[in-house]
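Mind having a look at this structure? Questions to follow.
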Amino acid sequence: MEEILKVEGLKTSFMTSSGEVQAVRGVSFTVHKGEILGIVGESGSGKSVTSMTILRLLADTARIKEGSIQFEGKDLTKCNEKEMRAIRGQKIAMIFQDPMSSLNPLIPVGRQVEEMMKIHHPELKPEELKQRTLELFEQVRIPEPEKRLKSYPHEFSGGMRQRVMIAMALANHPDLLIADEPTTALDVTIQDQILKQLRTLQKQYDTSIIFITHDLGVVAELCDRVVVMYGGLVMEEAGIDEIFEHPLHPYTLGLLASIPGINKDKAERLQSIPGSPPDMTNPPKGCPFAPRCPYARNICAAECPPYVQAGGHRAMCWLLQPDAPAEGNPLYGKLAAAEKEAK
Ligand SMILES: Nc1ncnc2c1ncn2[C@@H]1O[C@H](COP(=O)(O)OP(=O)(O)OP(=O)(O)O)[C@@H](O)[C@H]1O
Ligand SMILES: [Mg+2]
């Protein structure tokens, strides 16, 4: 399959008064033509910083320290602002979690979509712009689209605003759409409708999508493949069936256990991984998940494990290294005692 985006060894930090925040510490993944790649992980794992690095929308305090982002023959880490402006909204579009922050409250939504098209297609006449916007509103199923073109963002519900954002993002038929938790703020039914719509539009335009979320349940519904991030690193990557059937990383197991399910009772539904994510100004030397991992051994805190890869499935965990020293494994002492007794 054709690769449209290739991120390799990406490291992005923020230089703050309290030190260097190492938000992304060596991330690699590929997006293929027409696929939906999920990026999943808890708050602070580096998902948004990764996507903001791709679009070069980072704060002034940010530095891309290492790595490359190949997109249509260009390394985006090396593009200047003018080159990035030609790519943003045109070739790569983004949908954010909070549409209010990306819509101008003072301009009717229809005009905002038209402006978006005009930047990249100055040749379009006003009637053409209006017609196209109308079609987009129909496609994302905004009721009474003709009337709604003239509405202001505050006159829309959260779900409808998110549809406007999707219309805007698709206005120029981008090759890649990055959706950063676009449904988190919405209730489940609306969330479901938006996800279905994204899927339909993705098929129609053969757009590739990076879908960022902390919910593996949403990933299961929408994505073809998933990258699991934690502590600024990729812990595991696999096809969607593979990650649910054969998860390899204890962090992925933790995320799987915290998927809300109708069959689980309330206490279970709220189950999340105990402990909290690492401080990225002083990230752990070894596996970032080691302090919270029920299977951690001494080596996990001391050193980062290499990736184990088989086909499209890879994970970084010392448990997958048969020769890794087992000292400190919570089961180690018990196993040794049981072995001794058996002899
Ligand atoms: N502008 C910034 N200045 C300093 N640190 C930042 C900045 N933006 C993000 N960070 C830090 O970078 C790390 C990764 O943040 P990021 O926003 O990518 O997390 P995330 O995975 O998107 O989380 P969430 O699910 O909450 O959106 C965090 O430790 C965060 O505090
Ligand atoms: Mg985020």
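Answer yes or no as to whether Gly38 is under 25 Å from Tyr205 (Cβ atoms) and within 16 Å of ligand 2 (Cβ to nearest atom).
yes
Only one of these conditions is not met by Ile87: (1) away from ligand 1 (no atom under 16 Å from the Cβ); (2) surrounded by 21 or more Cβ atoms within 10 Å (Cβ to Cβ); (3) touching a residue at least 40 places away in the same chain (Cβ under 8 Å). Which number is it?
For Ile87, the exception is condition (3).
Got a number for residues in the stretch 117-171 being outside any loop (DSSP other than H, G, I, E, B) and open to solvent by 50 Å² or more (accessible area, probe 1.4 Å)?
16
Only one of these is touching a Gly at 6+ places or on another chain (Cβ under 7 Å) and at pLDDT below 95: Met116, Met100, Met94. Name it.
Met116
When the stretch 17-35 is examined, which residues are found to be among the aliphatic types (A, V, I, L, M) and more than 16 Å from ligand 1 (Cβ to nearest atom)?
If the condition is that a residue be among the aliphatic types (A, V, I, L, M) and more than 16 Å from ligand 1 (Cβ to nearest atom), then Val31 is the only one that fits.
Looking only at helices (runs of 4 or more DSSP H) that fall completely inside the stretch 188-263, which ones have 2 or more residues that are under 27 Å from Met280 (Cβ atoms)?
Because the criterion is at least 2 residues that are under 27 Å from Met280 (Cβ atoms), the helices (runs of 4 or more DSSP H) in the stretch 188-263 that meet it are 216-222, 250-257.
Criterion first (acidic (Asp, Glu) and under 22 Å from Phe29 (Cα atoms)) does Asp60 satisfy it?
Judged against the criteria, Asp60 is not a match.
The values are calculated or read from the model by the stated rules, or taken from the named source; none is laboratory data. Note that the structure is a prediction, hence the values are computed from the model and not measured. Note that we place each Cβ from the backbone using ideal geometry, even for glycine, and neighbour counts take in every protein chain shown. SASA here: full protein model, heavy atoms, side chains in, ligands and nucleic acids out. Shrake-Rupley method; radii C 1.70, N 1.55, O 1.52, S 1.80 Å.
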